[in-house]
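All remarks here apply to the structure that follows.
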Amino acid sequence: MNEGPATIPFLDLKSQFESIRTEILDAVERVLASGQFVGGEWVERFEEQFSHFVGSRYAIGVGSGTAALELALKAICIEAGDEVIVPANSFFATAEAVSNVGARPVFADVDPMTFHLDVARAERLVTPRTRAIIPVHLYGRAMHMAALQELAERHRLTIIEDAAQAHGTELDGIRVGGSGRLTCFSFYPGKNLGAYGDAGAVTCDDAGHAERLRLLRDHGSPAKYVHAIVGTNSRLDAIQAAVLSAKLRYLQDWNARRLQHAKVYAARFRNACIQIPDVPTGREHNFHLFVIRAKNRDALKLYLQARGIGTGIHYPQPLHLTPAYQELGYPSRGSLPVSEALASEILSLPMYPELTDSQIKQVSEVVLQFLDQAEAKELVSAGHGIAQLN
Ligand SMILES: Cc1ncc(COP(=O)(O)O)c(C=O)c1O
């Protein structure tokens, strides 16, 4: 029988679990035996390990990355009437958190090379109501913050970093999360440091912010049945904290493997007519995602899918055009052209530490095959007389 190529999923969490099964089961069993499921030593230990890892004074574990953003906004008292600038190419939660504290997200376009928030464009969006700005270290690549920091100082804005995808990324010797600014992490299962359920954290250096975040995540409660402020229930649970402590030991090794995979992809696509990400030598990019940009993205996605290769799109619709933000009145095209173009051209290829070189080879060969055929088809339609392709 003629066997087709092996299926390569976009993400494979099962093989990572198999590689650390004993440690994970052991950690979970210890939590179960302790009878302490919310708060307590597992959470405190992880918070200490994570703040030490990123180089911040504090890490406050919360229920998700979305909650981390919401609580960070609340910690600096963002409220109704305030505006917060966010990039249009990000996961919905970056903007949703702003809406959920009653403020208005204002969408900025992104840089066509890094896909990060375009600082010059963001500055044009500042009004007397603007209070904060949320840069996203998108796909795991650390955003250079100097220009944004200057903008923030000029206009007295607070920066809250969305580091949901940037665990272990570092720039100029400082890990994302260790800048002293409020920085929000997600530990959603598919992240480079992922829990086995929802989880998140905020890191910061300011004792007042840390204290307020601890209150906000736990009903505003400094002691049982004492409620100093109105908060919510968004605590990191002990099982997830124990899982995260076990996985944190592997994070840099996993990130190094992702970087190695990115180098292999980049070498194979060197002469291809697609845009590929820069592959820095250090830890500037943790390659949470390996995102290419191709003109015939939808056809390429289908072509890969038909050959057993999973891909993702991060993200298929720029945030200003999502139905949820229709009421903000952005025109259906043209207001944020880079984000709009990216939404129809970007494609995330399989990327996880457990990928093998032969799998990367297989993915890249199929991509190159598609590009060759697409190029030949263009020549045909342009009347160059090349035989019909299948
Ligand atoms: C950039 C970004 N921000 C925020 C979030 C929200 O995190 P969570 O899913 O843990 O709520 C995510 C996660 O998907 C994300 O990728």
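Odds and ends about this structure:
- Three-way shape label, the range 257-380, alpha-carbon gyration tensor, a/c 1.5: oblate
- Residues in the range 188-201 carry Karplus couplings, in order, of 3, x, x, 6, 4, 10, x, 7, 9, x, 7, 5, x, 7 Hz; the curve used is 6.51 cos²θ - 1.76 cosθ + 1.60 with θ = phi - 60°, and Gly or Pro positions show x.
- For the chain, size of Cβ-based charge dipole, Lys and Arg +1, Asp and Glu -1, in debye: 160
- Sum of side-chain charges, GLU18 neighbourhood, beta-carbon under 11 Å (Lys, Arg +1; Asp, Glu -1): 0
- Normalised contact order of the range 89-159, rounded percent, pairs of Cα under 8 Å and 6 or more residues apart: 26
- Under Karplus coefficients 6.51, -1.76 and 1.60, residue-wise ³J(HN,Hα) of the range 276-281 in Hz, glycine/proline x: 10, x, 4, 10, x, 6
- Think of the range 16-137 as a dipole: +1 on every Lys or Arg Cβ, -1 on every Asp or Glu Cβ, centred on the Cα centre; then among PHE53, ALA95, ILE20, ALA95 lies furthest on the positive end.
- Long-range amide H partners of ARG235 with built H, under 5 Å: GLY63
- Added length on full extension, which subtracts the Cα-Cα distance from 0.36 nm per residue, ILE229 to ARG156: 23.7 nm
- At full extension, ASP111 and LYS14 could sit 31.4 nm farther apart than now, given 0.36 nm per residue minus the alpha carbon distance.
- The packing ranking, built from the mean of other Cβ atoms within 10 Å per residue, places the peptides 222-233, 288-299, 198-209, 248-259 in the order 198-209, 288-299, 248-259, 222-233, highest first.
- With Cα atoms, 0 to 90° folded angle of helix 207-217 axis to the chain main axis: 80
- Whole-Hz ³J(HN,Hα) from phi, Karplus 6.51 cos²θ - 1.76 cosθ + 1.60, for the range 231-246, glycine and proline x: x, 7, 9, 9, 9, 7, 8, 5, 5, 5, 4, 5, 4, 5, 4, 5
- The chain: calculated mean residue ellipticity at 222 nm from DSSP helix runs of at least 4, using -39500 (n - 2.57): -12500 deg cm²/dmol
- Normalised per residue, the accessible area of the chain is 45 Å², obtained with a 1.4 Å probe and no contribution from ligands, DNA or RNA.
- Scattering profile of the range 125-275 at q = 0.11, 0.14, 0.21 Å⁻¹ [log10 I(q)/I(0), Debye over alpha-carbon scatterers]: -0.56, -0.86, -1.36
- Unit charges at the beta carbon, dipole of the range 187-279: most positive-side option, GLY220, ASN192, ALA262: ALA262
- Carbon plus sulfur fraction of accessible area for the range 60-153, probe 1.4 Å, in percent: 52
- Relative contact order [Cα under 8 Å, 6+ residues apart], the chain, whole percent: 21
- Nearest-0.05 FRET efficiency for ARG124 and PHE92, computed from C-beta distance (R0 25 Å): 0.60
- FRET efficiency estimate (nearest 0.05) - Cβ-Cβ, LYS295 to GLU365, R0 22 angstrom: 0.65
- Tail fraction, Cα-Cα pairs, the chain, threshold 26 Å, whole percent: 55
- Comparing Cα centroids, the range 226-304 and the range 73-136 end up 22 angstrom apart.
The values are calculated or read from the model by the stated rules, or taken from the named source; none is laboratory data. From a predicted model like this one, the values you see are computed outputs, not experimental measurements. Quick reminder, even Gly has a Cβ in these numbers, built from the backbone with ideal geometry, and neighbours come from all protein chains shown. Note: areas computed on protein heavy atoms with side chains; ligands, DNA, RNA excluded. Shrake-Rupley method; radii C 1.70, N 1.55, O 1.52, S 1.80 Å.
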